[in-house]
Structure formats: structure tokens, C-alpha cells
Amino acid sequence: MSKSSKTFMPTFILIAANVAVYAYTCFLSRDITTSDAVVLNYGQYNLAVFNGEVWRLFTAMFIHADIAHIVGNMLFLLIFGLRGEKLFDLKEYFLVYFLSGLAGGFLTLLLGPNTVSVGASGAIFGMIGACTIYARRAIGQSVVTALLYSFFLLMINISQNVNVFAHLGGLIAGLLIGYLLATTRKPRQIVTYEYNYPSSYGG
């Protein structure tokens with residue numbers, strides 16, 4: 001883990017931010033779930049985005065519909081976010097997270113024009129993809145397994161009311177960023193092994 005990641009702990013910052021926003025939306029909703037009115041005001045309401053409210057692509061990443069939604073997302077963020085802290089420095093970590101989240105929102109904007117969506121799933125799937133493919137590519141192994149694993153996770157998370165476009169867009173962005181980082185970054189440490197064999201004596 002880089003020094004900056006150890007200092008700032010981005011995974012816990014993001015989890016705290018998501019939980020704080022969820023508490024705020026519950027306060028606005030006067031309920032333990034986020035009301036439709038709050039979702040329409042702060043979520044990715046595509047018709048509003050087309051009318052110029054592009055900031056919704058960002059705010060939607062921190063809005064969650066109910067407790068099950070945020071708990072599930074934060075669990076995956078904890079698992080793969082901590083993994084990401086070990087692989088990427090602070091700038092790379094946030095680059096993966098937010099670009100993946102925005103990519104998921106953008107794909108939703110293109111393919112689901114009447115959609116209203118919320119959640120950090122696109123950003124989290126981006127982190128999953130980036131960690132998986134980076135770990136394989138960095139050690140010079142085939143990335144096919146990483147791709148299969150990533151898309152397997154995508155498939156098992158398809159269900160009713162799930163924004164598949166956000167998941168897919170985030171995953172593709174994360175895979176691309178992780179691959180590029182693994183390809184272009186110089187190894188931080190080179191380990192060499194030296195073997196000394198004892199000489200044989202006698203006749």
C-alpha cells in the first residue's frame with residue numbers, strides 16, 4: 001500500500017461519505033429509506049441530465065435506495081477497496097473509483113434515457129475490474145481469467161431493479177484503467193534470486 005493510501009485510507013473515507021449521505025437522505029425522506037422525491041432531486045434522473053443537470057452523474061454515486069442497497073454496496077467496497085489500496089496509490093485509486101462511476105452513469109444515460117438510477121455500484125464494479133485485471137497483468141499472466149471472473153460477478157448481480165448499464169459501464173472502465181496501469185507502470189521492486197551450490201570435493 002502506498003504511503004498516501006495508508007495516511008488517508010480512501011476506502012473508509014468513501015464508506016463514511018456514503019453512509020453520511022444515506023443518513024441525510026433518510027432525514028430528508030423522514031424514513032429509513034430514501035423517498036422517490038429525494039431520488040428525483042439528487043439521483044441520476046436522465047431526463048434532467050439531458051436538460052443540463054450533469055452534476056447528477058456525480059451525486060447519484062452517493063445516493064442509495066434503502067438499507068439493503070447501501071449495506072451490500074459498502075460490503076463490496078470494503079472488500080475490493082482495501083484490495084485497491086494495496087495496488088494503487090491515492091490518485092490512481094480515486095481515478096478508478098470516480099471514472100468508473102461516471103462511466104456507469106454515462107452508459108446508463110446513453111442506453112436508458114428514461115431511467116432514474118442511484119448507487120455506487122458502477123464505481124465499485126470499476127474497482128473490482130481494476131483490481132482483478134491489474135493483479136493478473138502486473139505479474140505477466142493471462143488476463144482471460146480476470147475477465148471471466150469480473151463478468152461472472154456482473155452476471156450474478158443481475159436482478160430486478162438493478163441498473164445493469166451502470167454495472168457494465170463501471171466494470172469496463174475499471175478493467176481498462178487497471179490494464180493500462182499494469183502495462184505502463186514500472187515495477188516498484190525487482191526481486192532477484194541467487195543460488196549458491198556447494199562445491200563437491202573428493203576423488
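Just a few scattered comments:
- Taking the criterion of being assigned to a helix (DSSP H, G or I) and in contact with a strand residue (DSSP E or B) (Cβ under 7 Å, 6 or more places away or on another chain), the residues of segment 32-45 that qualify are V39, L40.
- Single unsatisfied condition, S29 versus (1) under 18 Å from G122 (Cβ atoms); (2) free of Cβ contacts under 8 Å to residues at least 40 places away in the same chain: (1)
- Residue that is farthest from A135 (Cα to Cα) [pool: residues in segment 164-185 that are of a type outside the set (A, V, I, L, M) and surrounded by fewer than 24 Cβ atoms within 10 Å (Cβ to Cβ)]: F165
- Subset tally (residues that are more than 10 Å from the chain's Cα centre (by Cα) and surrounded by fewer than 24 Cβ atoms within 10 Å (Cβ to Cβ)) for segment 78-94: 11
- Picking from residues in segment 95-136 that are aliphatic (A, V, I, L, M) and touching a strand residue (DSSP E or B) at 6+ places or on another chain (Cβ under 8 Å), the one that is surrounded by the fewest Cβ atoms within 10 Å (Cβ to Cβ) is V116.
- Breaking point among (1) in a helix (DSSP H, G or I); (2) of a type outside the set (K, R); (3) surrounded by 16 or more Cβ atoms within 10 Å (Cβ to Cβ), for L75: (3)
- Note on segment 40-93: residues that are without any contact (Cβ under 8 Å) to a residue 12 or more places away in the chain and either in contact with an Asp or Glu (Cβ under 7 Å, 6 or more places away or on another chain) or hydrophobic (A, V, I, L, M, F, W, C) (or both) total 7.
- Residue match in segment 24-31 (condition: of a type outside the set (S, T, Y), within 28 Å of V96 (Cβ to Cβ), at pLDDT 95 or above and part of a helix (DSSP H, G or I)): no
The values are calculated or read from the model by the stated rules, or taken from the named source; none is laboratory data. The structure presented is a predicted model; accordingly, all values stated were derived computationally and were not measured. In this analysis, Cβ positions are derived from the backbone assuming ideal geometry, glycine residues included, and neighbour counts consider all displayed protein chains.
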